[in-house]
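The values are calculated or read from the model by the stated rules, or taken from the named source; none is laboratory data. Worth saying up front: this structure is predicted, and the values here are computed from it rather than measured. Neighbour counts run over all protein chains shown; Cβ positions are idealised from the backbone, glycine included.
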Ligand code: ATP
Ligand code: MG
């Protein structure tokens, strides 16, 4: 700190002290010795309010030449202190004493206050001695109180307490203006003078005297104690005084209070003000207290002084009333963090919504693109043309199929094939479906074919053909939605490794019939001939009753009615593929006949079309044909189902299969013929006339002749029945029966 700043501070301190001490009128003595003299007291005229407040400041010189200054009130009361709030005047008074062998008789001690009264709350009358009694007497009302003490050397005295042993204290009522203390002895200290030669009596301020046993010996002849006196401005009540403003003593910013002693009133500065309430401008009266500077405020952050009071406030950004006893000032962390969070959340939501909207738009565009790319518009056109058909292909949305397959969950996969993955799905109406991701390229010709297939296949309603419900073209890879068939594929049921319980021969025969019927229907009964192109046991699904359902038209081609052959890229499955089609690329219905023949071979032999584990019969069809050629049929028939009852049927089917797998397509029967021959075998089983030994050959001939004659030209059905019976006889002859 610089020197000038220090100097300034010192000056300020002195000025402040002077202002604080200046409780008197301007130009008046404000102290006498070390006692300050606040107005209404004063030592000279115009300095005190009226005569009752006159105090005399005297200086006396002792014999040793030392000057002492003392302030005297009344006749001769040395003033120790004058206070205006509370209105008190403290003077010092001598102790009255009476001693052993005293020649002066018992002392009297009289005090006159004239206008003021002794404070009954702050003083008490005290007597010390062991052969003593003393009175305190109000000279105005002739009221007397006092106490007496008698003790011996052996008496137990209590140090520090005026308990009635060697020391007693008594109170007196208020409003006593003059009193007299009388001190006496019972036996003139004759018995006690060794340890208590004198008795003492005095009025003293509470707490100024602390009894000790030593006091009995000598309290001190010259000992003085402070006595507190209550003073009042006038002998009026506040109410009376306020009526006459000219004599009313309480000045600006002060209030009136009734005196403690019950006599008169006094003044105090109002709250928020300090100074002398009896003075007013230009004298230093009640001035505003700057609570903010003197540290008396109760503000937690900011204090603002006001006339008679102060207010608190909080810095910007803070919350609260600013008062320590109130809500104080708090930084609104919660609100701010909440606000920031809400703002961030808002921004996040806004950005997310934008992104989501953008994503949705892109997704929509992508779906639209795929839909167009996958021939969606063409399919819609096709569907439109099919108005009136109840079984029109349905176009599924991607979301629908996602919901149906639990977002194409792994657990929903039914199997994977050469053309994609098949998922199990559940539509909202609880229909079970198989959803297949098919694969087609972007070639427009291919797309057109694919859409044609979807449109046509969806109309096929045959109990042995897996129904195509519709498709979804919004995905990159089109999705086909099929009827769900719950008992796996025929391949799984034939393969001894996959199925411990082989299908019975009856079931196999029925499956063969149902499959043949379905393929035959596709070839001839549908509005446009359809070649399946991938007939195999893996594409023949079985339901819980082992009813066959031909599936997977992913590779099928529609043949315009005026064409019988279509040149295509060779497609099919190894082991089932028509060799003629393989070499020429010419696709016709007979290709399906070949493939079905292989399935028949699988049914009678219980072997798979291609089995790399069996080198000698890797290609089942070839092995079968050569076995038949070498008359080894028995060796390759499935022993698990072969028995005496069905050996004929097995042979029949084997023979039919051989016809189906002929290399030259033209030599193969049509699917219709195959289907009828198989049906014939089943009806033969139901009406086993062919097995009756006693059956007349004439009857046979008649029946055959009748059939031929009756219908003119023998149709496919009759000719196959005829064929089968002929073969049966041929086999029996061969077997030597
Ligand atoms: P390819 O692709 O050469 O036809 P694949 O027939 O073995 O071979 P997918 O047709 O893709 O293959 O079929 C895979 C599997 O999905 C099948 O083996 C079958 O178990 C199951 N599956 C196919 N379609 C259905 C359906 N409609 N109902 C129940 N399961 C089916
Ligand atoms: Mg398949």
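Assessment of the range 290-302 against the conditions (buried (at least 16 other Cβ atoms within 10 Å of the Cβ) and in contact with a helix residue (DSSP H, G or I) (Cβ under 8 Å, 6 or more places away or on another chain)) yields at least one matching residue.
Yes or no, residue by residue, for (1) in contact with a helix residue (DSSP H, G or I) (Cβ under 8 Å, 6 or more places away or on another chain); (2) touching a residue at least 12 places away in the same chain (Cβ under 8 Å); (3) closer than 15 Å to residue 603 by Cβ:
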{"site": "626", "(1), (2), (3)": "no, no, no"}
{"site": "638", "(1), (2), (3)": "yes, yes, yes"}
{"site": "647", "(1), (2), (3)": "no, no, yes"}
{"site": "650", "(1), (2), (3)": "yes, yes, yes"}
{"site": "653", "(1), (2), (3)": "yes, yes, yes"}
{"site": "658", "(1), (2), (3)": "yes, yes, yes"}
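Among the conditions (1) closer than 23 Å to residue 119 by Cα; (2) at pLDDT below 90, residue 18 misses just one, which is (1). Tell me, yes or no, whether the range 216-227 has at least one residue that is at pLDDT 90 or above, assigned to a loop (DSSP other than H, G, I, E, B) and surrounded by 16 or more Cβ atoms within 10 Å (Cβ to Cβ). No, there is no match, as no residue in the range 216-227 is at pLDDT 90 or above, assigned to a loop (DSSP other than H, G, I, E, B) and surrounded by 16 or more Cβ atoms within 10 Å (Cβ to Cβ).
For the range 534-557, filtering for residues that are modelled with pLDDT under 90, part of a loop (DSSP other than H, G, I, E, B) and more than 7 Å from ligand 1 (Cβ to nearest atom) leaves 3.
Summed over the range 502-532, residues that are free of Cβ contacts under 8 Å to residues at least 60 places away in the same chain and within 16 Å of ligand 2 (Cβ to nearest atom) total 1.
Starting from residues that are within 16 Å of ligand 2 (Cβ to nearest atom) and surrounded by fewer than 20 Cβ atoms within 10 Å (Cβ to Cβ), keep the ones in the range 558-574 and report whichever is modelled with the highest pLDDT. The selected residue is 574.
In this structure, residue 595 does satisfy being within 13 Å of ligand 1 (Cβ to nearest atom), more than 60 Å from the chain's Cα centre (by Cα), at pLDDT 90 or above and closer than 29 Å to residue 457 by Cβ. Got at least one residue in the range 423-437 being loosely packed, with under 14 Cβ neighbours inside 10 Å, within 13 Å of ligand 1 (Cβ to nearest atom), in a loop (DSSP other than H, G, I, E, B) and modelled with pLDDT of 75 or more? Taking every residue of the range 423-437 in turn, at least one turns out to be loosely packed, with under 14 Cβ neighbours inside 10 Å, within 13 Å of ligand 1 (Cβ to nearest atom), in a loop (DSSP other than H, G, I, E, B) and modelled with pLDDT of 75 or more.
Screening 468, 414, 473, 479 for residues that are over 20 Å from residue 542 (Cβ atoms), within 16 Å of ligand 2 (Cβ to nearest atom) and modelled with pLDDT of 80 or more leaves exactly one candidate, 479. Taking the conditions (1) over 22 Å from residue 220 (Cβ atoms); (2) surrounded by 11 or more Cβ atoms within 10 Å (Cβ to Cβ); (3) at pLDDT below 85 in turn, residue 4 satisfies each one other than (2). If you filter the range 491-501 down to residues that are farther than 15 Å from residue 601 by Cβ and touching a helix residue (DSSP H, G or I) at 6+ places or on another chain (Cβ under 7 Å), you find that the one that is farthest from ligand 2 (Cβ to nearest atom) is 499.
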